[in-house]
1. Checking residue 68 against (1) surrounded by 16 or more Cβ atoms within 10 Å (Cβ to Cβ); (2) of a type in the set (Gly, Ala, Ser); (3) under 17 Å from residue 166 (Cβ atoms); (4) in contact (Cβ under 8 Å) with a residue 40 or more places away in the chain, only one condition comes out false. Which one?
2. If a residue must be in a helix (DSSP H, G or I), more than 23 Å from the chain's Cα centre (by Cα) and over 25 Å from residue 180 (Cα atoms), how many such residues does segment 199-223 contain?
3. Among the residues in segment 247-261, are any over 22 Å from the mean Cα position of the chain (by Cα), of a type in the set (Gly, Ala, Ser) and over 28 Å from residue 69 (Cβ atoms)?
4. Looking only at segment 292-300, decide whether some residue is under 19 Å from residue 34 (Cβ atoms) and under 21 Å from the mean Cα position of the chain (by Cα).
5. Could you please tell me which pairs satisfy a Cβ distance under 7 Å, a separation of 6+ or placement on different chains, a first residue in segment 25-49 that is small (Gly, Ala, Ser) and buried (at least 20 other Cβ atoms within 10 Å of the Cβ), and a second residue that is at pLDDT 85 or above and not in a helix (DSSP H, G or I)?
6. So which residues in segment 152-200 are of a type in the set (S, T, N, Q) and over 22 Å from residue 253 (Cβ atoms), if there are any at all?
7. Return a yes/no flag: does segment 149-165 have any residue that is assigned to a helix (DSSP H, G or I), over 25 Å from residue 280 (Cβ atoms), assigned by TED's automatic domain parsing to the domain that holds residue 36 and in contact with a helix residue (DSSP H, G or I) (Cβ under 7 Å, 6 or more places away or on another chain).
8. Evaluate segment 166-182: report whether one residue or more is surrounded by fewer than 21 Cβ atoms within 10 Å (Cβ to Cβ), over 26 Å from residue 101 (Cβ atoms), hydroxyl-bearing (Ser, Thr, Tyr) and under 15 Å from the mean Cα position of the chain (by Cα).
Amino acid sequence: MLSRKNKLILFKFLSLFSVVRGYNLLVIALAQYLASIYILAPDWRLRDVILDGNLFAIVVASALAIAGGYIINNFYDAEKDLINRPKKTMLDRLVSQNTKLTAYFVLNFLSVVFASYVSFRAVVFFSAYIFGIWFYSHKLKKIPFIGNLVSALLAITPFFAVFIYYKNFATVIFVHATFLFLLISMRELIKDLENIKGDLTHNYRTIPILFGERVSKVFLTGLTVLTLVPVYLLTNHFPIGYMYFYFYASVILLLVFLLLLWRSKGRKHYLLLHNILKLIIVAGVFSILLIDVDLVLNRIL
């Protein structure tokens, strides 16, 4: 049996893990590696990609910067989240705000340290990324449209760090990025619908608050239709192997999403829609393996 002190330490660790969303960090790191192996550096030997010290430094720098971003976002949204997510917020509050801020600065510092292993340009890139996350959390988040746009751009920025490193400017990469950007934009708007109560209480000027739920649903419908464009291009004009199964399944899920969207009336419904989008995004990470199912065997040597 754990002592009371050890239980408290365990709960604080779980609290910090919840704040930085450790599960998200693992998925993002995996996505960066899979994208590097299958899309960004298809001509490299598998071993060379996996053991590339620069890639490892970029992935770690990204994870640390994103973790810091979650902390600063949690810091600014503490009161709002107490209304929108009371159970999660109570867990998050086991770690004091001072401890969170200390962790924020330490994580950002370590992110820049890892970036310095790659190059000075990487240091500038991640420094700008860290500043962008802070500026979004502090100022831009409350501005409708701009806040949603910047949030989606910040979410895909770590992938551009790897993209710039490999200097692969193939069109297919931008099409993949567009599909991901549209999904994340939809997720951000759904989150605004989820959080109407807390946002309204704390004077957040989100799209649902300014224009209403119906207009928000119209925007979401438009974004859903736009996702069909990169899906069509990827499945008809680029060699993506068996990944087309993922995109066909995504279209089906997006149609279900639309049907449920126009019947949704409360937070529980919007949370379900949020989880559908999250499923599509996470499944997309693992579906990268379908681009070339023989790749591991062909490039192992």
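1. In the conditions (1) surrounded by 16 or more Cβ atoms within 10 Å (Cβ to Cβ); (2) of a type in the set (Gly, Ala, Ser); (3) under 17 Å from residue 166 (Cβ atoms); (4) in contact (Cβ under 8 Å) with a residue 40 or more places away in the chain, residue 68 misses (3) alone.
2. Matching residues across segment 199-223 total 5.
3. Taking every residue of segment 247-261 in turn, none turns out to be over 22 Å from the mean Cα position of the chain (by Cα), of a type in the set (Gly, Ala, Ser) and over 28 Å from residue 69 (Cβ atoms).
4. no
5. Short answer, once both residue conditions are applied: none.
6. Answer for segment 152-200, where residues must be of a type in the set (S, T, N, Q) and over 22 Å from residue 253 (Cβ atoms): 157, 168, 171, 195.
7. Looking through segment 149-165, at least one residue is assigned to a helix (DSSP H, G or I), over 25 Å from residue 280 (Cβ atoms), assigned by TED's automatic domain parsing to the domain that holds residue 36 and in contact with a helix residue (DSSP H, G or I) (Cβ under 7 Å, 6 or more places away or on another chain).
8. Yes, segment 166-182 contains at least one residue that is surrounded by fewer than 21 Cβ atoms within 10 Å (Cβ to Cβ), over 26 Å from residue 101 (Cβ atoms), hydroxyl-bearing (Ser, Thr, Tyr) and under 15 Å from the mean Cα position of the chain (by Cα).
The values are calculated or read from the model by the stated rules, or taken from the named source; none is laboratory data. Fair warning: this is a prediction, and the values are worked out from it, not measured in the lab. Methodologically, a virtual Cβ is constructed for each residue, glycine included, from the backbone with ideal geometry; neighbour enumeration extends over all protein chains shown.
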